[in-house]
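Report on one structure; see the data block that follows.
The values are calculated or read from the model by the stated rules, or taken from the named source; none is laboratory data. These numbers were taken from a predicted model, which means no experiment stands behind them. Backbone-built Cβ (ideal geometry, glycine too); neighbour counts: all protein chains shown. Heads up: the accessible areas ignore ligands, DNA and RNA and are worked out on the full protein's heavy atoms, side chains in. Shrake-Rupley method; radii C 1.70, N 1.55, O 1.52, S 1.80 Å.
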Amino acid sequence: MRVAYLCADPGVPVFGTKGASVHIQEVVRAFRARGDEVTVYTTRRGDHVPDDLAQLRVIERRVARGDTAARERDIARAARELADAAAADGCDLVYERFSLFSDGGARIAAETGSPLVLEVNAPLIEEQRLHRELVDEVGVRALAEQSLRAAAVVTCVSEPVAAWARGLGAVDPVVEPNGVNTARIRPTTARRYAGETPTVGFVGTLKHWHGVDVLLDAAAELARRGCGIRLTVIGDGPAGAELREQATRLGLEARFVGAVAPSEVPAMLGGIDIGVAPYREADDYFSPLKVCEYLAAGIPVVASRVGQLPQLVAHGETGALVRPGDPVALADALEALAADPETRVRWSVAARRRAVAAHDWSGVLARTLAALPAEVGA
């Protein structure tokens, strides 16, 4: 099957270090593992090209810099031009990562007669209005409604996202949380279980709502209690400088690694004994890739009890769930797990088993394609 994968979001490079970039790459890998031929049409290619995707055909149409209104208009033009290129190439299936100001997937589907799978990861219109700048809300809403109604399958990462999509006209959206490549991310034999100070790790973009500041406060609380842990923070983002200053102010010897290419993540996970997802109480529509990666790497997880996390982390079996935004509760859970290597071993085995059984990207894609008409996706 020839697949046209479209992403018109200039903030999401196909070969970048963001979770969204990993998401694109893994969906492409899952298609290719089925034997499908994939061409990616994008507004931003990125520079961190994994070896196994070096031969992937990528058609790029960059979006010009400028004020917000001009950039919105150029994203729409880029989406139309990418759609024209994909229609000229031909395809059997269109797979679009939902982006603001793009109706490209709908255009390709109309031109080629191929079905459109539209993947929605967040209520982007509301996010843009609340956290960034949105000039043409009427226009972006119209394009979104057109795309959602044209899709043969709308797949959403969570039920709140599906509810949002329904409000814009999506018919029977499928809820399919994010996954993980369990062949690429595996447990490592280098992990320590006893006799050494455990390393507590966070992987992800450093944004305020991710709660890394809560993790730092918890680490300071553990230091006051005399509980020794190592702390590693992998990733960077808008809150990075503030978090590094906080760690210094608290006297923590936290290791801030910075952003790394997705190809480096498996090795980085090998140095973590306890993975943390310390989200604050917030909108619960997100689907955390990092937790799936912790599980696949056989890392016990301590996470906030918010959003999808209670479905991902089985409390007392693969990890522990704590009250969001509470550094003392987080410190309590980390202290207990740091002092109990036998439980870490048991939860590690269960975490890996759960990731393979429920969260591998191949299963995510298979379930999505199963929602297509019977004659497609075979």
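Can you find even one residue in region 178-192 that is over 30 Å from Pro300 (Cβ atoms), in contact (Cβ under 8 Å) with a residue 60 or more places away in the chain and not in a helix (DSSP H, G or I)? Full working, then the answer.
In the first step, residues of region 178-192 are kept if they are over 30 Å from Pro300 (Cβ atoms); the result is none.
Scanning region 178-192, I find no residue that is over 30 Å from Pro300 (Cβ atoms), in contact (Cβ under 8 Å) with a residue 60 or more places away in the chain and not in a helix (DSSP H, G or I), so the answer is no.
Say whether the condition of being more than 19 Å from the chain's Cα centre (by Cα) and surrounded by 21 or more Cβ atoms within 10 Å (Cβ to Cβ) is met by at least one residue in region 156-169. If you could, list the steps in order and put the result at the bottom.
Step one: of region 156-169, the residues more than 19 Å from the chain's Cα centre (by Cα) are 163, 166-169.
Imposing the further condition that a residue be surrounded by 21 or more Cβ atoms within 10 Å (Cβ to Cβ) reduces the set to none.
No, that holds for no residue.
How about region 131-151: which of its residues are basic (Lys, Arg) and either modelled with pLDDT under 95 or open to solvent by less than 50 Å² (accessible area, probe 1.4 Å) (or both)?
Initial filter on region 131-151 (basic (Lys, Arg)): 132, 141, 149.
Within region 131-151, Arg132 is the sole residue that qualifies.
Could you list, in sequence order, the residues of region 28-60 that are touching a Phe, Trp or Tyr at 6+ places or on another chain (Cβ under 8 Å) and part of a loop (DSSP other than H, G, I, E, B)?
Arg45, Gly46, Asp47, His48, Val49, Pro50
Would you check if there is a residue in region 286-301 being open to solvent by less than 60 Å² (accessible area, probe 1.4 Å) and more than 22 Å from the chain's Cα centre (by Cα)?
Just the residues of region 286-301 that are open to solvent by less than 60 Å² (accessible area, probe 1.4 Å), to begin with: 286-301.
Remaining after also requiring more than 22 Å from the chain's Cα centre (by Cα): none.
Scanning region 286-301, I find no residue that is open to solvent by less than 60 Å² (accessible area, probe 1.4 Å) and more than 22 Å from the chain's Cα centre (by Cα), so the answer is no.
Look at Asp74 and say whether it is of a type in the set (Asp, Glu) and touching a residue at least 24 places away in the same chain (Cβ under 8 Å).
Details: of a type in the set (Asp, Glu): yes; touching a residue at least 24 places away in the same chain (Cβ under 8 Å): no.
No; evaluated as a whole, the condition is false for this residue.
Taking the stated definitions as given, is Arg34 open to solvent by 10 Å² or more (accessible area, probe 1.4 Å), modelled with pLDDT of 95 or more and closer than 19 Å to Ser362 by Cα?
On the way: open to solvent by 10 Å² or more (accessible area, probe 1.4 Å): yes; modelled with pLDDT of 95 or more: yes; closer than 19 Å to Ser362 by Cα: yes.
So Arg34 passes the test.
Scan region 266-277 and tell me whether some residue there is open to solvent by 20 Å² or more (accessible area, probe 1.4 Å) and among the charged types (D, E, K, R). Please lay out each step first, then the result.
We begin by selecting, within region 266-277, every residue open to solvent by 20 Å² or more (accessible area, probe 1.4 Å); these are 266-268, 271.
Still in the running and among the charged types (D, E, K, R): none.
No.
Among the residues of region 311-347, write down those that are under 25 Å from the mean Cα position of the chain (by Cα), among the charged types (D, E, K, R) and under 19 Å from Leu216 (Cα atoms).
Within region 311-347, Arg323, Asp326 qualify.
For Ala247, state whether it is in contact (Cβ under 8 Å) with a residue 24 or more places away in the chain, part of a loop (DSSP other than H, G, I, E, B) and farther than 18 Å from Trp347 by Cα.
Numbers: in contact (Cβ under 8 Å) with a residue 24 or more places away in the chain: yes; part of a loop (DSSP other than H, G, I, E, B): no; farther than 18 Å from Trp347 by Cα: yes.
In short, no.
Of everything in region 307-336, what is assigned to a loop (DSSP other than H, G, I, E, B), touching a Ser or Thr at 6+ places or on another chain (Cβ under 9 Å) and touching a residue at least 24 places away in the same chain (Cβ under 8 Å)? Give them in sequence order.
Gly307, Gln308, Thr318, Pro324, Gly325, Asp326 - these are the residues of region 307-336 that are assigned to a loop (DSSP other than H, G, I, E, B), touching a Ser or Thr at 6+ places or on another chain (Cβ under 9 Å) and touching a residue at least 24 places away in the same chain (Cβ under 8 Å).
Which of the residues spanning region 1-21 are part of a loop (DSSP other than H, G, I, E, B), surrounded by 20 or more Cβ atoms within 10 Å (Cβ to Cβ) and modelled with pLDDT under 95?
The answer is Gly16, Thr17.
Any chance you could count how many residues in region 75-94 are out of contact with any Pro (no Cβ under 7 Å at 6 or more places or on another chain), open to solvent by 10 Å² or more (accessible area, probe 1.4 Å) and either part of a helix (DSSP H, G or I) or among the hydroxyl-bearing types (Ser, Thr, Tyr) (or both)?
9
Give region 101-120 a look and list any residue that's in a loop (DSSP other than H, G, I, E, B), open to solvent by less than 30 Å² (accessible area, probe 1.4 Å) and over 16 Å from Val38 (Cβ atoms), or say none. So that I can check it myself, show each step before the final result.
We begin by selecting, within region 101-120, every residue in a loop (DSSP other than H, G, I, E, B); these are 101-103, 113-115.
Keeping just the survivors that are open to solvent by less than 30 Å² (accessible area, probe 1.4 Å) gives 101-103, 114-115.
Across region 101-120, the qualifying residues are Phe101, Ser102, Asp103.
Going through region 360-378 one residue at a time, which ones are in a loop (DSSP other than H, G, I, E, B) and either surrounded by fewer than 20 Cβ atoms within 10 Å (Cβ to Cβ) or modelled with pLDDT of 95 or more (or both)?
Of region 360-378, the ones in a loop (DSSP other than H, G, I, E, B) are 370-378.
Correct list: Ala370, Ala371, Leu372, Pro373, Ala374, Glu375, Val376, Ala378.
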